[in-house]
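Have a look at the structure below before the remarks.
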């Protein structure tokens, strides 16, 4: 019912939202005589703020058209390699005409970047993808909004997530592959590789795990506290709702994106309030650069997707309540997840000093669990001054963290 009420409210407010957008344009466009009326800039700023607070934010595009690789500007073509009901495997293909550049690109390592299915779209990792493309062949998991998946496709559990990762690894080829997982997928990625190793399958050359809850008992954050103090029935009763009839996934049980977004904002409401106030003042001062920066950030931050209810509840239970991975009690489709079975995959863990989502030590726990990996093939990086998003996006990622990731991948480019 809550989802239906949300859709009703959205429909009722849409005329006001579009009216605000139109007024903001009329009062700010240089060619409009109304823009020269005294106080027009203040009115335009107010209308645009109202519009941005009320508008729907659709899934952004990666929009990576070219990158500089090996000293050459090379075009990028994005296309889907595999299509699954809940996820597409996307490749960012680099092209070149120069024979020497082609030779350099051909020898670059292959990376599968596993994006989180935890509220935001995979495009949140745009900066990660763009940076990796300079030195790697890049594939990305592009998760699909659950409200867009018909119920005929069935449910999607955490076990299915693990199976997807295994299928993607096999499709690309483990013998030449390096895995990079950010936040939530560190757990299913470790499970997928563990199960493949235990079954005698070839595993990827390396895994880089960034800011994930491998062992959520270490340095628990507010996110961990909520998951551990509320019962599973509370999560199901308060956060799980049915998709309304105006979407392809009508009738599917989901954790709605608008509720997740409310949770993101509630974690630091003062910061978001001040950010919007600063945006309003930037518009008044005609500071277009800072205003555009605000728009770009919130176009991404406010674009959220619905998560399948089964997957979300499985994650709460397995990762945050039972701590099944570090306890050694997690079984995926009848097979126990045994990280100690991994022997041929190098492992790098990365944590942010100021990470308020995955606390210090939670990701590093993977090094202890993967006892079969020699110490010479393990590494850990603590990014000083970096928060959760800073370890995979922004200046710290590009200038301090990525060089370490690149060097680790190059050092383990062979068995």
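Read-outs: derived from the displayed coordinates by stated rules, not from any lab. Note that this is a predicted model, so its numbers are computed, not measured. Neighbour counts run over all protein chains shown; Cβ positions are idealised from the backbone, glycine included.
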For helix 402-411, report the angle its Cα long axis makes with the longest principal axis of the Cα atoms of the chain; keep it between 0 and 90° and round to the nearest 10°. 20
I need to check one value: relative contact order of the chain, counting alpha carbon pairs closer than 8 Å and at least 6 residues apart, in percent. 18
Relative to the longest principal axis of the chain, what angle (0 to 90°, nearest 10) does the C-alpha long axis of helix 40-54 take? 40
Computed over the Cα atoms of the range 299-370, what is the ratio Rg over Rh, Rh following Kirkwood? 1.03
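Based on alpha-carbon atoms only, what is the radius of gyration of the range 362-415 relative to the globular estimate 2.2 N^0.38 Å?
Working: Rg = 12.6 Å, N = 54, 2.2 N^0.38 = 10.0 Å.
With N residues counted in the range 362-415, Rg over 2.2 N^0.38 Å equals 1.26.
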To the nearest 10 degrees, how steep is helix 186-198 against the longest Cα principal axis of the chain, on a 0 to 90 scale? 20
Provide the convex hull volume over Cα atoms per residue for the range 183-312, in Å³. 198
Radius, Kirkwood style, for the range 121-249 when every pair of distinct Cα atoms is counted (Å): 17.2
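Under the classification rounded if a/c is under 1.5, otherwise prolate if a/b is larger than b/c and oblate if not, where does the range 278-404 fall, given a ≥ b ≥ c as square roots of the Cα gyration tensor eigenvalues? Could the numbers behind the result be given before it?
On the way: a/c = 3.29, a/b = 1.70, b/c = 1.93.
Oblate, because a/c is 1.5 or more while a/b does not exceed b/c.
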FRET efficiency for residue 268 and residue 228, Cβ-Cβ distance as r, R0 = 22 Å, nearest 0.05? 0.60
Over all alpha-carbon pairs in the range 271-310, figure out the percentage whose distance exceeds 11 Å. 66
Quickly rank 372-379, 390-397 as a protection proxy: mean count of other C-beta atoms within 10 Å, highest first. 390-397, 372-379
Over the Cα atoms of the range 80-149 the radius of gyration and the largest Cα-Cα distance (Dmax), both in Å, equal 14.0, 46
Give me the distance between the Cα centres of the range 272-296 and the range 5-31, rounded to whole Å. 19
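Considering every Cα-Cα pair within the range 28-122, what fraction, in whole percent, is farther apart than 22 Å? Display every interim value, and only then the final one.
Values: 2581 of 4465 pairs.
Distances greater than 22 Å cover 58 percent of the Cα pairs.
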I want to verify a result. In a Gaussian network model of the chain, Cα cutoff 10 Å, which of these has the top mean-square fluctuation: 297, 62, 168? 297
Would you mind pulling out the separation of the Cα centroids of the range 136-185 and the range 374-415, in Å? 22
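Based only on Cα atoms, what mean projected area does the convex hull of the range 244-316 have, in nm²? Write out the running numbers ahead of the final one.
Working: hull surface 25.9 nm².
Taking a quarter of the hull surface, the average projection is 6.5 nm².
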For the chain, with a Gaussian network of springs between Cα atoms less than 10 Å apart, report the residue from 326, 30, 60 with the top mean-square fluctuation. 30
If you restrict to DSSP beta bridges whose two residues both lie in the chain, what percentage is antiparallel, to the nearest 5? 50
In square nanometres, what is the average projected area of the Cα convex hull of the range 108-160? 4.5
Would you please calculate the Kirkwood hydrodynamic radius of the range 294-338 over all C-alpha pairs and express it in Å, rounded to one decimal? 12.9
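Which FRET efficiency value, to the nearest 0.05, is calculated for residue 16 and residue 36 with the Förster distance at 25 angstrom and r the Cβ-Cβ distance?
Numbers: r = 26 Å, r/R0 = 1.03.
Efficiency, rounded to the nearest 0.05: 0.45.
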One point scatterer per Cα, no solvent, Debye formula: log10 I(q)/I(0) for the range 153-196 at q = 0.13, 0.25, 0.30 Å⁻¹ comes out as -0.28, -0.92, -1.17
If R₀ is 30 angstrom, what is the calculated FRET efficiency for the pair residue 59 and residue 81, using the beta carbon separation as r and rounding to 0.05? 0.95
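Ordered by packing density, taken as the mean number of other Cβ atoms within 10 Å over each peptide's residues, highest first, how do 111-117, 161-167, 96-102 rank?
On the way: 111-117: 25.9, 161-167: 22.0, 96-102: 12.9.
With the highest mean Cβ count within 10 Å placed first, the list reads 111-117, 161-167, 96-102.
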Taking the Cα centre of each part, how many Å lie between the range 240-262 and the range 300-318? 11
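If you scale each eigenvalue of the Cα gyration tensor by 5 and take the root, what three semi-axes come out for the chain, rounded to whole angstrom and sorted largest first? Provide the component values of the computation, followed by the final result.
On the way: eigenvalues 279, 150, 82 Å².
Each semi-axis is √(5λ); the values are 37, 27, 20 Å.
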